[in-house]
Amino acid sequence: LGSYYCQTGRDVAVHLFEWKWADIEKECSWLAEHGYCAVQVSPVHENRVITDPPYPWYQRYQPVSYKMGSRSGNDAQFRSMVSTCNNLGVFIYVDGVFNHMTGGGSGVGSDGSSFNADSKSYPGVPYGENDFHGSAECQTSNGEIQDYNDANQVRNCMLVGLRDLKGSSEYVRGMTSDFMNYLIGVGVAGFRMDACKHMWPGDLEALYGRLNNLNTQWFPAGTRPYIYQEVIDMGSEPIQASDYTYLGRVTEFKHGKNLGDVIRKNNGQRLSYLSNFGESWGQLSGTDALVFIDNHDNQRGHGAGGFGTILTFFEANMYKIANAFELAWQYGHVRIMSSYNWPRNIVNGVDVNDWMGPPGNGGVTANAVCFNGDWICEHRWRQISNMVRFHNAALGYPVSNWWDNGGDRIAFGRSGRGFIVINNEGSEFSQSFSTGLPAGTYCDVISCDNNRPPCGNSGGSCRGEFTVDGSGMAQITVPSGEDPMIALHV
Ligand code: QV4
Ligand code: CA
């Protein structure tokens, strides 16, 4: 399982969090031009509509049925998006929520289906009482997960009150795999599997075994869906990320936490320590990991990480350094976060506005317009999107030419395909580096929009050309302050 299905030469996905299907369909041309491989879309199924607080983002994680109507759009819009994006070579990964249905209460979902969580009734699927874990499987006093040291509880009891599906049931497997196969038929290339810590690996194995090969209109016959599983493993619980790697990739949350700590210089961390970053830092093998600097949970204090650690667009300078390192380094499959803005307000360690949904009104999402103040579009930031191209240019070429000053200045190459210098100290410096690059003239892609001389960008801040001589040496002045990095690639 788990062929990462990217068009040749591409490797980086972007999570267009809460974007509408019609907007993603338009964005795919830009993504294709800039070398992105795929889009992770928000959950596509019918969800609970929550009015208190009004229409939070997290209502999307409370399925009511597997019908396709949500505030991102309807079935026709979804199909049109998949087809347009596939034709451009940008593939779609769906966020699949199969551990549970809604939290307590009753109502009507985003596509008109009624539900009653208290009687475990979801006629839109249909699911009923027998399709959920109950007191036979979960023995805690209130049916909720109370102790993360007890794997049985974590998988058979309710996660924050969410009605817990019985993944061992043939019927449940049938309903969920039918839905996934419908999406595969439409042309979807893979799935982010939500809340896998809360599902038994054996049940997931059985579910994946039922999945069809990808649609041959766009993919070679026999291509399996790409699967990456959300398991938050910070190293302190009996359920580990490695329990799931035999089934597909797994989210590596230590990666973003470790880079956040290093770039913030928490606990005496320094950039120079990154020379062996990856597995020897207690992370998964790079070939098992799906990595990111932040995600839709930990950018607002959900999931794991913490505000003093995880970097987000709110700290743009450090965030760009983190993304540049991640994209220049060789570890894992990278997913770029693309956020909407909200008035983050951290009071006693909690963001009191952590629930706020996407820009729009009354639960109706506004059109995504990059850089209008509402939609952050990190994936379009020059320092990030140009590093996606660096990443593609260096794909498969090992890290080389490591240099550091023992502090917060580092440089490394990618075996003649790219070279980056990062300066996380307060002042600019200049020296001659052994880059490993072929002789020639290169543009700094952090500051310039064109990687071939004459270097240029509309902002006029382009740092211009750097010359590599016949022995691979280049004299480089590395700025400090905003964007303290120089990145060159073939
Ligand atoms: C509340 C009470 C419960 C009570 C319940 C009664 O807190 O004690 O039992 O009401 O019904 C929301 C609310 C939560 C509420 C719950 C049920 O925040 O307070 O419970 O709904 O109505 C997202 C949000 C959750 C949200 C959930 C469903 O983060 O806050 O819960 O969506 O709307 C662990 C997991 C990991 C998970 C991570 C956040 O191991 O799997 O927590 N990450 C994924 C997603 C995440 C999503 C879920 C899992 C659930 O990335 O976005 O949770 O699908 O680490
Ligand atoms: Ca479960």
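Any read-out appearing in this document is the output of simple, stated calculations on the displayed coordinates, not a laboratory observation. Note that this is a predicted model, so its numbers are computed, not measured. Every residue, glycine among them, receives a Cβ derived from its backbone with ideal geometry; neighbour counts consider all protein chains shown.
Things to note:
- Neighbour counts of other Cβ atoms within 10 Å put SER168, SER461, SER110 in the fewest-to-most order SER461, SER168, SER110.
- Angle of helix 21-33 to the longest C-alpha principal axis of the chain, folded into 0 to 90 degrees and rounded to 10: 30°.
- Rounded tilt (10° steps) of 382-394 against the dominant C-alpha axis of the chain: 80
- Stretched out straight at 0.36 nm per residue, the stretch from TRP403 to MET473 would grow longer than its current Cα-Cα span by 23.9 nm.
- Kirkwood radius and radius of gyration were both taken over the C-alpha atoms of the stretch 352-490, and their ratio Rg/Rh is 1.09.
- Relative to its residue count, the stretch 204-243 spans a Cα convex hull of 86 Å³ per residue.
- Using Cβ point charges alone (K and R +1, D and E -1), the dipole size of the stretch 178-249 about the Cα centre works out to roughly 300 debye.
- Debye equation applied to the C-alpha atoms of the stretch 96-178, log10 I(q)/I(0) at 0.10, 0.13 Å⁻¹: -0.23, -0.39
- Calculated FRET value between ASP147 and SER114, using beta carbons and R₀ = 41 Å, to 0.05: 0.75
- Förster radius 22 Å - calculated FRET efficiency between TYR171 and GLU205 (Cβ-Cβ, nearest 0.05): 0.80
- Cα convex hull, the stretch 1-84: 111 Å³ per residue, rounded to a whole number.
- Label separation (ASN74 vs TYR246): 4.5 nm, computed from points 7 Å beyond Cα along the C-beta direction.
- Across all directions, the average flat footprint of the convex hull enclosing the Cα atoms of the stretch 176-255 is 5.5 nm².
- Taking the Cα centre of the chain as origin and assigning +1 to Lys and Arg Cβ atoms and -1 to Asp and Glu Cβ atoms, the resulting dipole is close to 840 debye.
- For the chain, adding -39500 (n - 2.57) for each run of n ≥ 4 DSSP H residues and dividing by the number of residues yields -6000 deg cm²/dmol at 222 nm.
- Peptide packing: for 232-238, 70-76, the average count of neighbouring Cβ atoms within 10 Å per residue gives the ranking 70-76, 232-238, highest mean first.
- Among the listed pairs LYS257/LYS320; LYS67/LYS120; LYS26/LYS257; LYS20/LYS320, those beyond 22 Å (Cα-Cα): LYS26/LYS257; LYS20/LYS320
- With neighbours defined as other Cβ atoms within 10 Å of a residue's Cβ, the residues TRP19, TRP355, TRP375 order from fewest to most as TRP355, TRP375, TRP19.
- Dimensionless Rg ratio for the stretch 402-466, taking C-alpha atoms and the 2.2 N^0.38 Å reference: 1.18
- Taking the Cα centre of the stretch 338-421 as origin and assigning +1 to Lys and Arg Cβ atoms and -1 to Asp and Glu Cβ atoms, the resulting dipole is close to 440 debye.
- Remark: relative contact order (the chain) = 12 percent; criterion is Cα-Cα distance under 8 angstrom and separation of 6 or more residues.
- Think of the chain as having a plus end and a minus end, set by charges on the Cβ of Lys, Arg, Asp and Glu; of SER177, ILE384, GLY362, ILE384 sits farthest toward the positive end of this dipole.
- Folded to 0 to 90 degrees: helix 316-328 orientation relative to the chain principal axis, Cα: 90
- Calculated SAXS-style log₁₀ I(q)/I(0) at q = 0.07, 0.12 Å⁻¹ - the chain, Debye, Cα scatterers: -0.37, -1.08
- According to the calculation over all Cα-Cα pairs in the stretch 74-126, the P(r) per 10 Å bin from zero is 20, 37, 25, 16, 2 %.
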